[in-house]
Each structure stands twice: as C-alpha cells, then as structure tokens.
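J.: First the structure, then my questions, so here it is.
The values are calculated or read from the model by the stated rules, or taken from the named source; none is laboratory data. Just so we're clear, the structure is a prediction, and the values are computed from it rather than from any experiment. In this analysis, Cβ positions are derived from the backbone assuming ideal geometry, glycine residues included, and neighbour counts consider all displayed protein chains.
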Amino acid sequence: MELHNLISVTATSEPDVYSVVVDLTDANNERYEAEHISRASDPYGLGPNVRAAVDQWIADGKPVLPYTAPPTLAPDRVTARQFKLQLLSDGLLDQVEGWIATQSQAVQIAYANSGTFVRDEPMMQAGFAALGFTTEQIDAFFTAADKL
C-alpha cells in the first residue's frame with residue numbers, strides 16, 4: 001500500500017484522533033480515495049504514514065475541519081406515561097383527550113390501553129395532524145417525552 005497524499009483532515013469527538021481522507025494505492029495496485037481514522041498509537045498498515053502526514057498537515061497550518069456531532073434522532077416511540085405527561089407539560093392533555101372522545105371506539109381503546117405510543121402509527125399520525133403539528137414539532141414532542 002502506498003499513501004500519495006491527504007485530501008482533508010477532520011477532528012473527531014476523541015482528542016488527537018482525526019478522520020482523514022487519503023489518496024492511496026492498495027495492495028491490488030488500485031488507486032482511490034478512502035477515509036482513514038488516524039490515531040497516534042496506530043502501528044498497523046498505513047497508520048504510521050498517515051499519522052506522520054497528519055502531523056505535517058497540522059504543522060504546515062493546513063485546515064483541520066471541526067468535528068460535527070451527528071444529528072440526534074427523535075425517538076420513534078415513548079411509553080404511555082411519557083406521552084401523557086408530555087401532553088400535560090405542553091398544555092395539550094385536555095385538548096387531546098377531547099379529540100379522542102370524538103373518535104372511534106378503536107381509537108379510544110388504543111389511547112386508553114396502549115403501553116407504548118409509536119409516532120408512525122396511523123392513529124398517532126391522525127392525532128398529530130388534527131393538532132396541526134409539523135414533523136419538527138412531532139420530533140420535539142417525542143424527544144421531550146423521552147426524557148420524562
């Protein structure tokens with residue numbers, strides 16, 4: 001394997017560990033760009049060569065892109081307790097229970113007896129649509145409920 005050059009260096013959530021895009025030729029003599037995680041303690045394969053190149057990159061004052069945390073995904077389900085306490089916290093409990101009372105018996109039974117509320121379930125989607133919730137508001141609701 002041969003390291004030709006570095007394309008970019010990005011910090012990671014770990015100190016002194018970098019995500020590096022490298023231009024390399026592999027053992028099959030194929031040349032391409034690949035991502036490499038560079039740690040100072042990596043003695044294997046191209047690890048030492050990549051690390052030396054990263055150290056030189058930094059010494060030369062080339063940009064190290066900042067670490068960007070992956071987006072937090074909203075939970076897809078919460079317990080009935082969490083769901084109803086979040087409705088109460090948001091001042092929506094009476095409005096939702098009033099809406100539930102106007103729905104079919106199946107919806108009323110599901111609301112009263114579900115142990116878990118799943119955001120993509122059709123009855124749940126109908127309820128959020130009736131409240132005029134956007135996808136972002138549903139995400140925020142489930143994220144907050146998950147913390148209760």
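J.: If I go through the stretch 50-66 residue by residue, how many of them are part of a loop (DSSP other than H, G, I, E, B) and free of Cβ contacts under 8 Å to residues at least 24 places away in the same chain?
T.: Residues in the stretch 50-66 being part of a loop (DSSP other than H, G, I, E, B) and free of Cβ contacts under 8 Å to residues at least 24 places away in the same chain: 2 in total.
J.: Condition first: surrounded by 10 or more Cβ atoms within 10 Å (Cβ to Cβ), more than 21 Å from Asp16 (Cβ to Cβ) and at pLDDT below 95. Now tell me which residues in the stretch 26-66 satisfy that.
T.: Asp26, the sole residue that qualifies.
J.: Looking only at the stretch 1-8, decide whether some residue is closer than 22 Å to Pro70 by Cα, outside any loop (DSSP other than H, G, I, E, B) and either within 30 Å of the chain's Cα centre (by Cα) or free of Cβ contacts under 8 Å to residues at least 12 places away in the same chain (or both).
T.: Checked against the condition, which is being closer than 22 Å to Pro70 by Cα, outside any loop (DSSP other than H, G, I, E, B) and either within 30 Å of the chain's Cα centre (by Cα) or free of Cβ contacts under 8 Å to residues at least 12 places away in the same chain (or both), the stretch 1-8 yields at least one hit.
J.: Which helices (runs of 4 or more DSSP H) does the stretch 67-148 wholly contain that include 1 or more residues that are surrounded by 15 or more Cβ atoms within 10 Å (Cβ to Cβ), of a type in the set (Phe, Trp, Tyr) and within 17 Å of the chain's Cα centre (by Cα)?
T.: The helices (runs of 4 or more DSSP H) meeting that bar are 135-146.
J.: Being touching a helix residue (DSSP H, G or I) at 6+ places or on another chain (Cβ under 8 Å) and outside any loop (DSSP other than H, G, I, E, B): is that true of Leu24 here?
T.: Taking the combined requirement at face value, the residue does not satisfy it.
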